[in-house]
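Nothing in this text is a laboratory measurement; each read-out follows from the coordinates by a stated rule. Predicted, not measured: the structure shown is a model, and the values here were computed from it. Every residue, glycine as well, gets a Cβ built from its backbone with ideal geometry; the counts of neighbours run over all protein chains shown.
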Amino acid sequence: MNDFTELGVSPAFTKRLAGRAITRPTAVQRITIPPLLEGESVVFRSATGTGKTFAYLVPAIQRLLENRFSSNAPPLPYFGPEVLVCAPTLELCSQIKNEADFLLETDGADNPGGKTGAGKTPGIALLIGSVNLNRQIDGLRKTKPLIAVGNPGRLLLLAKMGKLSFRGLRFLVMDEADRLTAPECRDEMAELAGAIAGGGGRENREPLTVAACSATVSTKTGEYLRPLLDGAKLLETDAQEILRERIEHWAVFSEGRRKTKTLVSFLAAVKPKKVLVFTGRSYDAGKIVSALHLRKIAAAGLFSGMNKEERKTALERFRSGKAAVLVSSDLAARGLDIPSISHVVALDLAENPDAYVHRAGRTGRAGNHGIMVCIGDEVEMHRLAALEKRLGITVYPKELYGGRLCVPEGPEPVKS
């Protein structure tokens, strides 16, 4: 299928996507949009940066508009949001709401000012833990949003208070589903799943359509979300396609105590346009940012202890290019969709293939080329060699010499 209309996407949304030069559906969109438009529940895996957000938002919102705002749709009472998107991080929730605003041509406010093809717009509520609770409750009461995006903790709290109802729910999305079932989110997500599955006396009698997605969805993820995912189809694209074809993988040796100095030398030699640096320990991120500032390198950081405004400022500086380097832990960077990241640098090797996939997937997005760099010691280089075989990628060794990034003596690996 070469365009979105062949998938059943309405002309209005096809035109909106074309406004961003999105004219051909990605592999994950081709396999996901048709069943979701038909009301089938799916669990889908696809590499980061392959268009997962529009793969579920387009069918969810299109079905909502057809149900509520088509010319022959009868007036319906309000029983709560009909589309609910649950995601693990505040930044990802905000990004998803922005994409929904884009599809609906809204002004991004809680009470959207844009118009759909039918002349009306469903309200979109952003329900995240960093926003004043009373303000959210007031917004739900006044705007009666038909679309809600939020993190498990805040959604569950609002539901327990009786301020958020699932009685009208028709379409549920769980983005970054593996993170939603990780230890830090698991209990809240399980309780939320139970509340949604119970429905609180759902007025809509048709089966709930559920979409769960991530670059990696494990068997355990399915087990934790079983109340919602029974009977769901498992769909997947080649998770290593982008890793092999659009991302180049480099390895730079460094002793542990010299990694920050090696990072500084790497940045000076390569002069990357926009680089995301991963450190496995959140408390190290601030130290690394301080070390870069001492060397006059414009850097920002995402780490524990930052408030909402500090995180927002750091991300805005990175997105705008005022800071060429963003240092973050895996959890803090989860779900970030920042265009034009040219390089990802890992200052410690990801513990498993899934973590490596998530890190590397921050670059090489939207058809662009990217580079994944591992700066590691001898033990990490051995582990990287094992990951190389397991993921079917080729890792090229590099070394820093005389202010340049060079190929070590001896032949480079041959691409398989």
Point to revise | Label point distance in nm, A18-E191, each placed 7 Å from Cα along Cα→Cβ | key: 4.8
Practice item. Name the residues whose placed amide hydrogens come within less than 5 Å of the amide hydrogen of V277, ignoring near sequence neighbours (fewer than 5 apart) on the same chain. Key: L326, V327, S328, V345
Point to revise | Karplus 3J(HN,Hα) series, Hz, for region 33-42 with 6.51 cos²θ - 1.76 cosθ + 1.60 (x for Gly, Pro) | key: 4, x, x, 5, 5, 7, x, 7, 7, 9
Check your understanding: So, in nm, how far is label R167 from label R295 when the simple model puts each one 7 Å beyond its Cα toward the Cβ?
Key -> 6.0
Practice item. Give the cross-link partners of K15 among the lysines, using a straight C-alpha distance below 20 Å as the criterion and excluding same-chain residues fewer than 8 apart. Key: K52, K97, K115, K120
**Study point:** Greater than 21 Å apart at Cα, pairs in K259/K296; K142/K308; K261/K296; K271/K296
**Key:** K142/K308
Practice item. For K271 and N134, calculate 0.36 nm times their separation in residues minus their Cα-Cα distance, and state this gained length in nm to one decimal. Key: 44.7 nm
Review point. T121's amide H: which non-local residues (gap 5+, or another chain) put their own amide H closer than 5 Å, with H modeled 1.01 Å from N in plane and none for Pro or chain starts?
Key: T116
**Study point:** For region 241-401: Kirkwood Rh in Å [reciprocal of mean 1/r, alpha carbons]
**Key:** 15.6
Exercise for review: For A211, enumerate residues with amide H under 5 Å from its amide H, sequence gap 5+ or separate chain, H modeled in the peptide plane.
Suggested key: V42, L172, V173, M174
